[in-house]
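Reviewing the structure listed below.
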C-alpha cells in the first residue's frame, strides 16, 4: 500500500492562515479533537460522541419540525437501516427533501450528527430532512456505507408519498464523509437508473483516497482532520486498496472518469483544510463535463468551522450561501 506523493515540480508555500475569529475556537477544539486521528483513537472518539446525545427535542427546533425514526430495508442480505425524518410543521405537502449523510470520516458519527445545524438553516424552507444511519468502517468497509445510503435513498423515493415528499425534488447532501457519500449517491443513481435527483449539497466533502493534493501536504498536523486522519479514515474504508489503481468511484467519487449527467452541485470547503484542493478539482471537472456547480472556498476556514463556530461571521456567510443556493434550486 502506498500513498501517491506530491510531485517535486509543485513547490508549496506555507499553509493558509486561519480566519482570526476562528483561531480561538480551533485552539479549544484541539484540546478535545487532535488533527491527527489514528486508528487507535476510533473507539475513544465514538465513546466521546455518545456523551452529549442529540435528542428529538433538539431536532424539533422549538416546534419547527416533526421528528420520526423509521427502520427500512437495507441492501440485499444486510440489516435494516434507520432513517431520521424531520418534516417541517404547518407547511403544505408534498415538500422537497434533503437526503442527508452525516460526517465522521467514515469511522464515527450517527444519523443525528450535524443534523441540528442543517435543520437550523433550512427551518424557514418547506424542506423535509431525512438523515440516514449507515454502517461505519473499519467493521463495515466499502461498499457497506454507500450501499446503506443508496438503499435508504431508493426507499425514500419509492415511499415519498407516505412521507409527504415530492419524489422529483430530492437533494442528496452530506458533510465531510457524508458529502463524499452524497456525491457517490449521485453517481450511483446515474449509473443504476435510480432516483431522479434535483441536486447535490456537498459540504467539505471527502472525495479522494489518494491523499496527495497540495492542501493535504500544507495542512498536515494543522486544523481539524489532517493528512494522518484522512489516511486513517480511508484505510478503514478501503483497507489495502487505499491509494491504489482499482478504487471504485462509489467509494471515492474523485476517481470517477465521467462527471457528466449529474444533478447541480453546491460544493463548499475551507481554504485551510485538507479537502480544499480535491473539492475545487471536483467542481472544475463538473464544469468541464458541462454540468452545474456552485463552488465556495471560505478563506481561513478549517474543516467543520461552521459546526464548531456557528456564530462566526464566516460560518454565517457559509450557511447563507447554502440557503440561497437551495432556495434557487427548489424555487422556495
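Where a number appears in this text, it was derived from the coordinates with a stated rule and is not lab data. Since the structure is predicted, the reported quantities are computational estimates derived from the model, not experimental observations. Positions of Cβ are generated from backbone atoms using ideal geometry, with glycine treated the same way; all protein chains shown enter the neighbour counts.
Of the listed requirements (1) part of a strand (DSSP E or B); (2) under 22 Å from the mean Cα position of the chain (by Cα), residue 37 misses just one: (1). Filtered by the rule that a residue be assigned to a helix (DSSP H, G or I), in contact with a helix residue (DSSP H, G or I) (Cβ under 7 Å, 6 or more places away or on another chain) and over 29 Å from residue 20 (Cβ atoms), the stretch 245-286 gives 253, 254. Taken over the stretch 136-150, the criterion of being out of contact with any strand residue (DSSP E or B) (no Cβ under 7 Å at 6 or more places or on another chain) and either assigned to a strand (DSSP E or B) or in contact (Cβ under 8 Å) with a residue 24 or more places away in the chain (or both) is satisfied by 136, 137, 138, 141, 142, 143, 144, 145, 146, 147, 150.
Figure legend. Inter-residue proximity from the stretch 194-213: first residues free of Cβ contacts under 8 Å to residues at least 40 places away in the same chain, second residues part of a strand (DSSP E or B), beta-carbon distance below 9 Å, spacing 6+ or different chains. Indicated pairs: 196/167; 196/168; 196/170. Mind checking whether some residue in the stretch 230-247 is closer than 29 Å to residue 125 by Cβ, out of contact with any strand residue (DSSP E or B) (no Cβ under 8 Å at 6 or more places or on another chain) and touching a residue at least 60 places away in the same chain (Cβ under 8 Å)? There is no residue in the stretch 230-247 that is closer than 29 Å to residue 125 by Cβ, out of contact with any strand residue (DSSP E or B) (no Cβ under 8 Å at 6 or more places or on another chain) and touching a residue at least 60 places away in the same chain (Cβ under 8 Å). Among the numbered conditions (1) without any contact (Cβ under 8 Å) to a residue 60 or more places away in the chain; (2) closer than 22 Å to residue 326 by Cβ; (3) under 16 Å from the mean Cα position of the chain (by Cα); (4) surrounded by fewer than 20 Cβ atoms within 10 Å (Cβ to Cβ), the only one that residue 131 does not meet is (4).
For the stretch 156-177, a residue qualifies if it is over 20 Å from residue 143 (Cβ atoms), touching a residue at least 40 places away in the same chain (Cβ under 8 Å) and in a helix (DSSP H, G or I), and the qualifying residues are 160, 161, 163. On inspection, residue 330 fails the criterion of being surrounded by 21 or more Cβ atoms within 10 Å (Cβ to Cβ) and either free of Cβ contacts under 8 Å to residues at least 12 places away in the same chain or closer than 20 Å to residue 123 by Cβ (or both). Within the stretch 311-327, the residues that satisfy the criterion of being surrounded by fewer than 15 Cβ atoms within 10 Å (Cβ to Cβ) and within 22 Å of residue 95 (Cβ to Cβ) are 320, 324, 327. Within the stretch 287-310, restricting attention to residues that are in contact with a helix residue (DSSP H, G or I) (Cβ under 8 Å, 6 or more places away or on another chain) and in a helix (DSSP H, G or I), the residue that is surrounded by the most Cβ atoms within 10 Å (Cβ to Cβ) is 305.
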